[in-house]
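Undergrad: Provided herewith is a single structure, encoded as structure tokens, for subsequent inquiry.
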Amino acid sequence: MQYISTRGGITAVPFTETVKMGLATDGGLLLPRTIPRVDRSTFESWQGLSYQDLAFEVMARFIDDIPVSDLKALIKRSYEPFDHPDIAPLVHLDGLHILELFHGPTLAFKDIALQFLGNLFEYLLRRDDSFMNIIGATSGDTGSAAIYGVRGKERLNIFILHPHGRVSPIQERQMTSVTDANVFNIAIQGTFDDGQSIVKDIFGDVAFKGRYHLGAINSINWARILAQVVYYVASCLHITSHENDRATTFAVPTGNFGDIFAGYIAKKMLPEGCISKLVLATNANDILARMINQGDYSLGPVIATSSPSMDIQAASNFERYLYYLLDSSPQHVVAAMARFKEQGSLQLEDCLGHIRRDFVAVSVTEEEVLQTITECYRNHGYILDPHTAVGVRAALQQRAQGIPTVCLATAHPAKFAATVEQAIGRPLDLPASLAALLDLPTRCEIMAADRQQIQTYIANHALHR
Ligand SMILES: *Cc1c(COP(=O)(O)O)cnc(C)c1O
């Protein structure tokens with residue numbers, strides 16, 4: 001399988017090059033040249049496979065430059081740290097199916113992709129006798145999942161900036177209690193935006209970037225999307241066998257459009273009628289819901305909500321979808337992205353027919369999030385985290401008669417205990433893995449939000465030739 005850029009400015013590359021490249025060198029995003037189709041008999045033959053074996057079948061269709069036994073070993077190692085044998089188990093609540101994606105080491109769905117990406121990086125660096133220094137800024141979940149993805153790995157150091165005192169205590173602990181020699185937590189005296197702009201500036205120093213082989217671990221890496229396609233396929237197999245071959249609708253709490261884009265790839269890949277609709281669920285940051293409902297993709301202010309991992313306006317994976325929406329034309333993507341950069345908005349009314357074949361969208365208020373957590377607990381004894389509640393609320397609103405709906409549960413409720421406790425009216429039990437963090441030693445460098453100082457610190461601790 002060869003990969004191309006949404007902006008058409010690179011010669012096609014194989015899978016492992018896309019992993020190393022991250023962002024395409026022409027500023028676009030990487031996509032498979034074609035999306036492989038799975039016919040019905042192949043799909044049915046996957047019934048009963050373990051999560052890992054299914055992951056291999058799905059991924060192998062997109063990867064032809066890693067030997068079979070190596071890919072199998074990478075997948076196996078990536079899902080060993082998960083605390084459930086099904087990796088992504090489905091829980092059934094009267095007609096709604098909750099897909100629990102939080103059984104990885106940091107209790108958030110990002111582990112599913114970042115455990116795989118960490119192992120993949122290590123594998124490629126060894127193969128190429130190279131090294132990498134990953135730099136990133138986080139407001140919470142991505143940082144800890146990235147750190148757990150690469151802790152203890154060879155040829156790989158990671159530097160994660162978080163805003164000092166502005167991430168939740170659990171998230172801070174999750175990051176700073178990782179004391180492996182290759183992990184560097186930097187708490188900056190500033191905001192998440194300060195951290196992000198410092199990271200951007202450091203990446204902009206081309207000589208520095210080249211010398212230290214800087215790498216990113218954000219959601220634009222194609223390998224992350226690919227790892228997420230697997231659980232859509234797994235859910236469809238389950239629903240097909242338990243609900244008489246009916247199509248499945250997925251409700252997806254959305255921020256950067258990575259998770260739901262994986263669903264879109266699964267929909268294109270699987271036989272007609274496996275996936276009915278993708279319900280895009282947003283909080284008050286509703287740019288993507290406006291895009292789907294009105295064709296209006298225009299930036300608003302970022303609003304802080306109880307689902308902070310979705311407090312995003314410009315979605316970093318949106319350009320991938322735009323490519324398909326604009327008839328796979330790189331020229332049109334380049335023009336549209338230039339217009340968006342200039343005006344902060346894109347009008348896509350002409351595409352509404354196309355959009356509605358695959359998506360519906362709902363924006364959910366803070367009140368509705370609390371109410372959904374309360375009612376789900378009262379009616380089913382099941383506790384949702386605020387991100388998952390956004391998706392469940394959207395699913396209930398969009399539920400079509402007779403179509404099974406799978407709601408993606410993207411975080412464990414204990415990670416967002418304040419909101420959840422308010423909604424259910426009692427304290428939460430802390431899972432053992434989080435409780436254990438409180439007793440661990442921590443390591444973290446507190447620094448001014450000063451680009452030069454931070455860059456010097458990184459240079460002093462980075463791997464280099
Ligand atoms: C990252 C995240 C999301 C949003 O996923 P995207 O791929 O950015 O759309 C939703 N919920 C949680 C808990 C997350 O960490």
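The values are calculated or read from the model by the stated rules, or taken from the named source; none is laboratory data. The structure presented is a predicted model; accordingly, all values stated were derived computationally and were not measured. Positions of Cβ are backbone-derived with ideal geometry, glycine not excepted, and every protein chain shown enters the neighbour counts. Please note that ligands, DNA and RNA were not included when accessible areas were found on the heavy atoms of the full protein model with its side chains. Shrake-Rupley method; radii C 1.70, N 1.55, O 1.52, S 1.80 Å.
Undergrad: Filter region 238-260 for residues that are in a strand (DSSP E or B) and within 16 Å of the ligand (Cβ to nearest atom) and give the result. Full working, then the answer.
TA: Pass one, region 238-260, residues in a strand (DSSP E or B): 248-253.
Correct list: Phe250, Ala251, Val252, Pro253.
Undergrad: Here are Leu90, Leu101: which of them is touching a residue at least 24 places away in the same chain (Cβ under 8 Å) and farther than 22 Å from Ala435 by Cα? Working first, answer last.
TA: Values: Leu101 fails: farther than 22 Å from Ala435 by Cα.
Exactly one of Leu90, Leu101 is touching a residue at least 24 places away in the same chain (Cβ under 8 Å) and farther than 22 Å from Ala435 by Cα, namely Leu90.
Undergrad: List every residue pair whose Cβ atoms sit under 8 Å apart, with the two residues 6 or more apart in sequence or on different chains, where the first one lies in region 338-362 and is under 26 Å from His387 (Cα atoms) and part of a helix (DSSP H, G or I) and the second, anywhere, is hydrophobic (A, V, I, L, M, F, W, C) and at pLDDT 95 or above.
TA: Ile355/Met291; Ile355/Ile292; Ile355/Leu325; Ile355/Leu348; Arg356/Ile292; Asp358/Leu278
Undergrad: As an exercise: evaluate Ala207 against (1) touching a Ser or Thr at 6+ places or on another chain (Cβ under 6 Å); (2) surrounded by fewer than 22 Cβ atoms within 10 Å (Cβ to Cβ) and give the number of the one condition it does not meet.
TA: Tallying (1) touching a Ser or Thr at 6+ places or on another chain (Cβ under 6 Å); (2) surrounded by fewer than 22 Cβ atoms within 10 Å (Cβ to Cβ), Ala207 fails exactly one: (1).
Undergrad: Same structure again: Taking region 300-352 only, how many residues are within 16 Å of the ligand (Cβ to nearest atom), of a type in the set (A, V, I, L, M) and open to solvent by 20 Å² or more (accessible area, probe 1.4 Å)? Steps first, please.
TA: Within region 300-352, the first condition is being within 16 Å of the ligand (Cβ to nearest atom), and the residues that meet it are 302-322.
From what is left, the residues that are of a type in the set (A, V, I, L, M) are 302-304, 310, 312, 314-315, 322.
From what's left, open to solvent by 20 Å² or more (accessible area, probe 1.4 Å): 302-304, 312, 314.
Residues flagged as within 16 Å of the ligand (Cβ to nearest atom), of a type in the set (A, V, I, L, M) and open to solvent by 20 Å² or more (accessible area, probe 1.4 Å) within region 300-352 amount to 5.
Undergrad: Only one of Ile202, Ile239 is closer than 25 Å to Ala146 by Cβ, open to solvent by less than 40 Å² (accessible area, probe 1.4 Å) and aliphatic (A, V, I, L, M); which? Outline the logic, then answer.
TA: Values: Ile239 fails: closer than 25 Å to Ala146 by Cβ.
Ile202 is the lone residue from the list that is closer than 25 Å to Ala146 by Cβ, open to solvent by less than 40 Å² (accessible area, probe 1.4 Å) and aliphatic (A, V, I, L, M).
Undergrad: Another question, if that's okay. Identify, by number, the condition in (1) open to solvent by 40 Å² or more (accessible area, probe 1.4 Å); (2) over 28 Å from Ile292 (Cβ atoms); (3) within 16 Å of the ligand (Cβ to nearest atom) that Arg393 doesn't meet.
TA: Condition not satisfied by Arg393: (2).
Undergrad: Here's a follow-up. Between a residue in region 364-392 that is assigned by TED's automatic domain parsing to the domain that holds Lys415 and any residue that is open to solvent by 50 Å² or more (accessible area, probe 1.4 Å) and within 16 Å of the ligand (Cβ to nearest atom), which pairs come within a Cβ distance under 6 Å, given they are 6 or more apart or on different chains?
TA: Filtered contacts from region 364-392: Val364/Arg393; Glu368/Arg393; Thr372/Arg393.
Undergrad: Could you grab the pairs with beta carbons closer than 7 Å, sequence gap of 6+ or different chains, first residue in region 422-438 and more than 14 Å from Thr374 (Cβ to Cβ), second one open to solvent by less than 50 Å² (accessible area, probe 1.4 Å) and among the polar types (S, T, N, Q)?
TA: Here the result reads Leu437/Gln174; Leu437/Ser177, each pair linking region 422-438 to a residue that is open to solvent by less than 50 Å² (accessible area, probe 1.4 Å) and among the polar types (S, T, N, Q).
Undergrad: To continue, here is another question. Could we say that Ile383 is within 16 Å of the ligand (Cβ to nearest atom), in contact with a Pro (Cβ under 6 Å, 6 or more places away or on another chain), open to solvent by 30 Å² or more (accessible area, probe 1.4 Å) and not charged (D, E, K, R) here? Give the derivation first.
TA: Numbers: within 16 Å of the ligand (Cβ to nearest atom): yes; in contact with a Pro (Cβ under 6 Å, 6 or more places away or on another chain): yes; open to solvent by 30 Å² or more (accessible area, probe 1.4 Å): yes; not charged (D, E, K, R): yes.
Considered against the rule, which asks whether it is within 16 Å of the ligand (Cβ to nearest atom), in contact with a Pro (Cβ under 6 Å, 6 or more places away or on another chain), open to solvent by 30 Å² or more (accessible area, probe 1.4 Å) and not charged (D, E, K, R), Ile383 comes out as yes.
Undergrad: Follow-up. Within region 277-299, work out how many residues are open to solvent by 30 Å² or more (accessible area, probe 1.4 Å) and either in a loop (DSSP other than H, G, I, E, B) or touching a strand residue (DSSP E or B) at 6+ places or on another chain (Cβ under 6 Å) (or both).
TA: 6
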